[in-house]
1. When you count, for each residue, the other Cβ atoms within 10 Å and take the mean per peptide, how do 197-203, 184-190, 132-138, 99-105 rank with the highest first?
2. Report, ordered by chain and residue number, the aspartates and glutamates lying within cross-link reach of residue 60, taken as a straight Cα distance under 15 Å and ignoring same-chain residues fewer than 8 apart.
3. Tell me, what are the semi-axes, in whole angstrom and largest first, of the equivalent ellipsoid of the stretch 106-238 as set by the roots of 5 times the Cα gyration tensor eigenvalues?
4. Could you work out the per residue convex hull volume over the alpha carbons of the stretch 55-124, in cubic angstrom?
5. Output the pairs from 63/163; 63/223; 71/227; 57/189; 57/179; 179/227 with a Cα-Cα distance over 27 Å in this structure; if there are none, say none.
Amino acid sequence: MLFGRFFVTLQPEMKNHYQGMKKLLIISLLSLLVASCATNREYLVRMNTTEGTIDLKLYKETKEHRDNFIKLVKEHKYDSLLFHRVIQDFMIQGGDPDSKKAPRGKMLGEGDLGYKVPAEFMPELYFHKRGALAAAREGNDVNPDKASSASQFYIVWGTVFTKEQLKRFAEVYGKRLGKEIKFTPEQEKAYTTIGGTPHLDGEYTVFGEVVKGLEVVDVIQRKRCDKNDRPLENVRILDVELIKLKK
């Protein structure tokens with residue numbers, strides 16, 4: 001209990017003072033409780049694009065990425081940016097701040113906001129199934145901690161594996177990495193039904209997923225692109241908005 005069974009009798013002139021202090025303490029504790037609840041929530045955001053609307057859930061467990069993404073949404077950092085890198089049957093990538101006013105044909109992907117977000121890998125829980133939202137990052141040679149770009153993200157499309165193909169992938173990729181790769185039942189089910197990109201698990205932080213508008217992602221990932229994987233026809237994020245909180 002906040003106010004335990006031990007007590008002292010107050011003198012009349014001190015009673016009002018301590019009652020006021022008690023009210024302030026209760027208000028402070030309630031404020032802390034509200035703040036604590038807010039950090040334990042999943043956020044839903046709506047990404048309006050020139051090809052349609054994509055609703056995304058941000059995971060509460062990857063709170064560093066969730067909070068950073070929400071911050072950028074509130075600051076309108078994604079408004080008018082392009083999906084600057086699109087590879088069919090793989091993923092669509094956006095969030096480069098340099099893409100906002102980039103002329104057609106310009107190579108993009110190097111823009112950043114001057115800071116990184118620490119990696120939050122949870123491959124057994126959140127992995128690269130179709131529709132997964134993940135953070136792009138620099139390569140291991142310059143980024144051994146695999147920290148994420150502050151703003152650049154991608155949405156997975158990937159391919160559907162048979163169970164035999166997934167088993168073979170685990171063997172071949174495991175040998176390349178020098179470790180055994182095992183998929184959880186959830187991973188195996190996802191990769192053999194809806195598809196994904198399992199080779200990215202444990203390498204890039206997955207911090208959300210598409211809950212509505214996967215057909216829009218499909219339209220974008222089919223776009224014709226130049227040699228740098230930039231769509232020949234600009235695909236623009238019009239704006240991103242916070243639509244509701246989910247406990």
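1. The most tightly packed comes first, giving 132-138, 197-203, 184-190, 99-105.
2. Reachable aspartates and glutamates: 42, 120, 209.
3. Semi-axes from the Cα gyration tensor: 25, 20, 14 Å.
4. Convex hull volume per residue, Cα atoms: 133 Å³.
5. 63/163; 63/223; 71/227; 57/179; 179/227
Since every read-out is calculated from the coordinates, none of them should be taken as a lab result. This is a predicted model, so every value here is computed, not measured. Here Cβ is always computed from backbone atoms with ideal geometry, including for glycine, and neighbour counts include all displayed protein chains.
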